[in-house]
There are 2 protein chains.
Amino acid sequence: MDKPHYEPAIPDGTNGTATQAISADGHSELGKRYMIPARQGRAVRLQKGQRLRIINPRGNQVCDFFALVENTPFEFLSMEHCRTALGRIYVRSGDVLVTNRRRPLIEIVEDTSPGVHDILIACCDQPRYEQLGAKGYHDNCADNFRMSLSAIGAPIAHVPSPFNIWMNIPVSPEGDYAWEPPVSTPGDHIVLKAHQDCIAVMCACPQDMTPVNGKDAVPSELEFQVDAAP
Amino acid sequence: MDKPHYEPAIPDGTNGTATQAISADGHSELGKRYMIPARQGRAVRLQKGQRLRIINPRGNQVCDFFALVENTPFEFLSMEHCRTALGRIYVRSGDVLVTNRRRPLIEIVEDTSPGVHDILIACCDQPRYEQLGAKGYHDNCADNFRMSLSAIGAPIAHVPSPFNIWMNIPVSPEGDYAWEPPVSTPGDHIVLKAHQDCIAVMCACPQDMTPVNGKDAVPSELEFQVDAAP
């Protein structure tokens, strides 16, 4: 065979994501602030009604966000189904994002940034960085997704297309798009409400070969906390 | 549990797709014209270099197109990776479409239509029709994809987002889109070249509750044939 075999759960390399889960099973301490180091990912379990607050301390860091329905590894947040549900290629505060079975999973309940996020672009992965010219292993969101989940013992069936929070991909009227720095500012946060018990995965995108994490292309950390339903 | 369990390979209902494969293993007779009845799907195996010609006899029928790398059920044509590779949210003749491992899989080598196709929208499924108001089972492209593959004995790991040939989803500068009838005309065809051995799945979309298959919303048949590399 002239092609490599591919298994969705197996990363192409490794980093601290594999060993630095927030807890053995992904449960968090409510109200506690957790840090996601630059270039890494973290998984956290959410109960229906809980709020996940994601903070962008430096303002220029993209968060690749995924969510999987608890105990149903094949059902997850799906951007192509969200676009159908929304009738738009952009999201807004108040939107309810759905799964690949078209069931509500994540609601954007608060967003202090100007609201520029992406729901069109695949998460970065080792093949992407090799195509951009990287030599050897490069941290990437697909592997951080895989490692975040395996670190809490959760199965992986597929790497879904992410909700790219703060990622600025303006689409021209002709359908071309650009890779632009975020328009968010230091301390911006977004609050997501879980409509079902689920596992959320957040990756501090390690992209340093395009300006999606700022014109200087220096990835930085993110923070998050889970709060009880108000 | 208040939620249904979901398995990617299990259809929500059935139709002739489940029993009317073109052959037991999905191989075709080169140059032979096959018909896909309205509201159904068919799978066909392609060898690297072969051409798949898909014909739109009435001109107003959308083809939900999928392709899976042979012997690698987790690697398939992926619209979110195509958008990254192309730098656009629309395709053009000459484009090479890639997998979720960013490897070339399908090239658009000929297109007699005006070239209006969609790479943004999830295939229709039973939950979509229920949300549109359908009572009981409604034929759908997700199930036709599942049944097309099971009918030739091929495994299903995920229902990918399709390349919606002839589907007309114009996106406004603000990011809203519309569901419009195709601009293709009777007898239009598209020719796709396989860059790897793969399984192609074509579904004659059964959408009759929006105008994507024409303003009269009457789904019709498609035809296809496989030709040797020239």
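The values are calculated or read from the model by the stated rules, or taken from the named source; none is laboratory data. Keep in mind it's a predicted model, so treat the numbers as computed, not measured. Neighbour counts are summed over all protein chains in view; Cβ atoms, including those assigned to glycine, are modelled from backbone coordinates with ideal geometry. These area figures cover heavy atoms from the full protein model, side chains too; ligands, DNA and RNA do not enter into them. Shrake-Rupley method; radii C 1.70, N 1.55, O 1.52, S 1.80 Å.
Points worth noting:
- In sequence order, calculated HN-Hα J values of the stretch B:112-123 (Karplus, 6.51, -1.76, 1.60; Hz; x Gly/Pro): 7, 7, x, x, 8, 9, 10, 10, 10, 9, 4, 5
- Average beta-carbon neighbours from other chains, 10 Å sphere, peptide B:65-72: 2
- Column: log10 I(q)/I(0), Debye, Cα scatterers of the stretch B:110-155, q = 0.13, 0.29, 0.31 Å⁻¹: -0.47, -0.96, -1.02
- Cα-based reach from B:Lys48 at 28 Å (exclusive), listing lysines while leaving out same-chain residues under 8 positions away: A:Lys3, B:Lys32, B:Lys193
- 24 Å tail of the calculated P(r), the stretch A:135-230, as % of Cα pairs: 34
- Phi to ³J(HN,Hα) by Karplus 6.51 cos²θ - 1.76 cosθ + 1.60 over the stretch A:78-91, Hz, x for Gly, Pro: 10, 5, 5, 6, 4, 4, 5, 5, 8, x, 9, 9, 10, 9
- Size of the protein assembly as shown from its Cα atoms: along the principal axes, largest to smallest, the extents are 63, 50, 41 Å.
- For the stretch B:1-41, the spherically averaged projection of the C-alpha convex hull amounts to 4.3 nm².
- Across identical copies of the chain, B:Pro104 has label-point separations of 4.6 nm, listed in ascending order, with the point defined 7 angstrom from Cα along Cα→Cβ.
- Computed over protein heavy atoms with a 1.4 Å probe, the accessible surface of the protein assembly as shown works out to 35 Å² per residue.
- Counting Cβ atoms of other protein chains within 10 Å of each Cβ in B:6-14 and taking the mean gives 2.
- For the protein assembly as shown, a crude dipole built from +1 on the beta carbon of Lys and Arg and -1 on the beta carbon of Asp and Glu, taken about the Cα centre, is about 220 debye to the nearest 20.
- For the peptides A:5-11, B:95-101, the ranking by packing is B:95-101, A:5-11, with the highest mean count of neighbouring Cβ atoms within 10 Å listed first.
- Selection from B:Ala9, B:Ala38, A:Ala85, by position along the positive dipole direction of the protein assembly as shown (Cβ): B:Ala9
- Among the cysteines of the protein assembly as shown, those whose beta-carbon sits 4.7 Å or more from every other cysteine beta-carbon are A:Cys63, A:Cys82, A:Cys124, A:Cys198, A:Cys205, B:Cys63, B:Cys82, B:Cys124, B:Cys198, B:Cys205.
- Kirkwood Rh, angstrom, the stretch A:32-227 [1 / mean 1/r, Cα pairs]: 16.5
- Put simply, the C-alpha atoms of the stretch A:1-101 give a gyration tensor, and the ellipsoid matching it has half-axes of 23, 23, 16 Å, longest first.
- Between A and B, accessible area buried - total, square angstrom, nearest 100, 1.4 angstrom probe: 4300
- Applied to the stretch B:59-71, the Karplus parametrisation 6.51 cos²θ - 1.76 cosθ + 1.60 on θ = phi - 60° returns per-residue 3J(HN,Hα) values of x, 10, 10, 7, 10, 7, 10, 10, 8, 10, 5, 4, 6 Hz, with x for Gly and Pro.
- Debye, to nearest 20: dipole size of the stretch A:7-92, +1 on Lys, Arg Cβ, -1 on Asp, Glu Cβ: 620
- Copy-to-copy label separations for A:Pro170, where each label sits 7 Å from Cα toward Cβ, in nm and ascending: 2.3
- Carbon plus sulfur fraction of accessible area for chain B, probe 1.4 Å, in percent: 51
- Magnitude of the charge dipole, the stretch A:32-227, Cβ model with Lys/Arg +1 and Asp/Glu -1, debye to 20: 540
- In summary, the aspartates and glutamates within cross-link reach of A:Lys215, defined as a Cα separation below 15 angstrom excluding same-chain residues under 8 places away, comprise A:Glu180.
- Kirkwood hydrodynamic radius (C-alpha pairs) into Stokes-Einstein, the stretch B:85-127, 37 °C and 0.692 mPa s, D in µm²/s: 273
- Peptide-level mean, for B:90-96, of C-beta atoms on other protein chains within 10 Å: 1
- Calculated [θ] (222 nm, deg cm²/dmol) that DSSP helices of n ≥ 4 give over chain B, each run adding -39,500 (n - 2.57): -3000 deg cm²/dmol
- With the charge dipole of the protein assembly as shown set up from +1 on Lys and Arg Cβ and -1 on Asp and Glu Cβ about the Cα centre, the Cα lying farthest toward the positive end among the listed residues A:Thr185, A:His138, A:Pro73 is that of A:Pro73.
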